[in-house]
Amino acid sequence: MKNLFILMLATISLTAFSQPGNKNFIDQNYIEVTGKAEMEIVPDEIYLKILLNEKELKGNQTVDEVEQKMISKLEATGIDVSRALSVKDMVSNFRQYWILGADINAQKEYQLVVTAAKTVGRVFQTLHSLGISNISIERVDHSQLEKFKTEVKINAIKAAKEKAASLTQAIGQSAGQALYIQELNSHIYGAYKSGESMMANMVVKARGGNESAAPQIEFEKIKLEYSILVRFELQ
């Protein structure tokens with residue numbers, strides 16, 4: 001009886017599915033197209049890594065002393081240090097001091113976030129004037145990246161609709177409602193790079209050979225690319 005009941009349910013479901021007006025989209029006539037869109041945006045979040053190592057500081061300065069000078073100099077360049085600068089790590093060889101009698105060597109790692117490439121140049125110049133040379137660019141990003149991603153995807157769907165309309169018009173038909181939408185490929189170039197790869201994509205231009213001037217730094221634009229597959233009802 002149980003097997004008979006399951007068979008009856010299957011028969012009823014199949015009959016209902018096969019009735020006119022209940023076609024699955026794969027049973028309808030459709031046109032399938034792929035729309036593509038891209039966008040380039042200038043990074044507005046540049047993450048710098050600054051490392052202060054007491055052993056490398058000149059004039060027997062402590063990390064705390066150089067830190068105060070660094071904060072004052074950065075504020076003088078117009079950077080809101082309270083928001084842009086943070087301590088990522090702080091270590092010392094205090095254990096070696098007790099075991100081996102070595103000198104205590106403190107080290108601090110900072111993260112500085114700036115919003116423009118020209119500010120990066122001023123930061124490099126400012127920190128070098130304090131004897132701080134261990135500076136690197138960790139990554140770049142954009143504060144509204146998610147918004148731009150959505151915008152590019154919408155443009156890709158619009159491109160698919162325009163393509164479908166053009167192709168169906170050529171054969172005297174038209175594209176109806178969308179039956180199926182799938183995001184195929186997405187690529188983001190120029191963001192989230194770090195270390196040497198970021199430095200390789202950074203262009204530094206000297207200003208008339210004046211070494212004391214802040215370097216002009218340009219970054220690759222962040223490039224967004226999306227492909228969307230859409231199936232439209234063929235009318």
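In table form, for the structure just shown:
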| read-out | value |
| --- | --- |
| Test for Gln96: is it surrounded by 13 or more Cβ atoms within 10 Å (Cβ to Cβ) and at pLDDT below 70 | yes |
| Where a residue in the range 146-164 is farther than 14 Å from Glu32 by Cα and its partner, wherever it lies, is of a type in the set (Asp, Glu) and surrounded by 15 or more Cβ atoms within 10 Å (Cβ to Cβ), with Cβ under 8 Å and at least six apart | Val152/Glu225 |
| Gly209 being at pLDDT below 80, touching a Phe, Trp or Tyr at 6+ places or on another chain (Cβ under 9 Å) and assigned by TED's automatic domain parsing to the domain that holds Ile157 | no |
| Counted residues, the range 168-179 - those being free of Cβ contacts under 8 Å to residues at least 40 places away in the same chain and in a strand (DSSP E or B) | 0 |
| Residue among Ser227, Ser186, Ser194, Ser143 that is modelled with pLDDT of 90 or more and exposed (fewer than 15 other Cβ atoms within 10 Å of the Cβ) | Ser143 |
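The values are calculated or read from the model by the stated rules, or taken from the named source; none is laboratory data. Since the model is a prediction, treat every value here as computed from it, not as a measurement. Quick reminder, even Gly has a Cβ in these numbers, built from the backbone with ideal geometry, and neighbours come from all protein chains shown.
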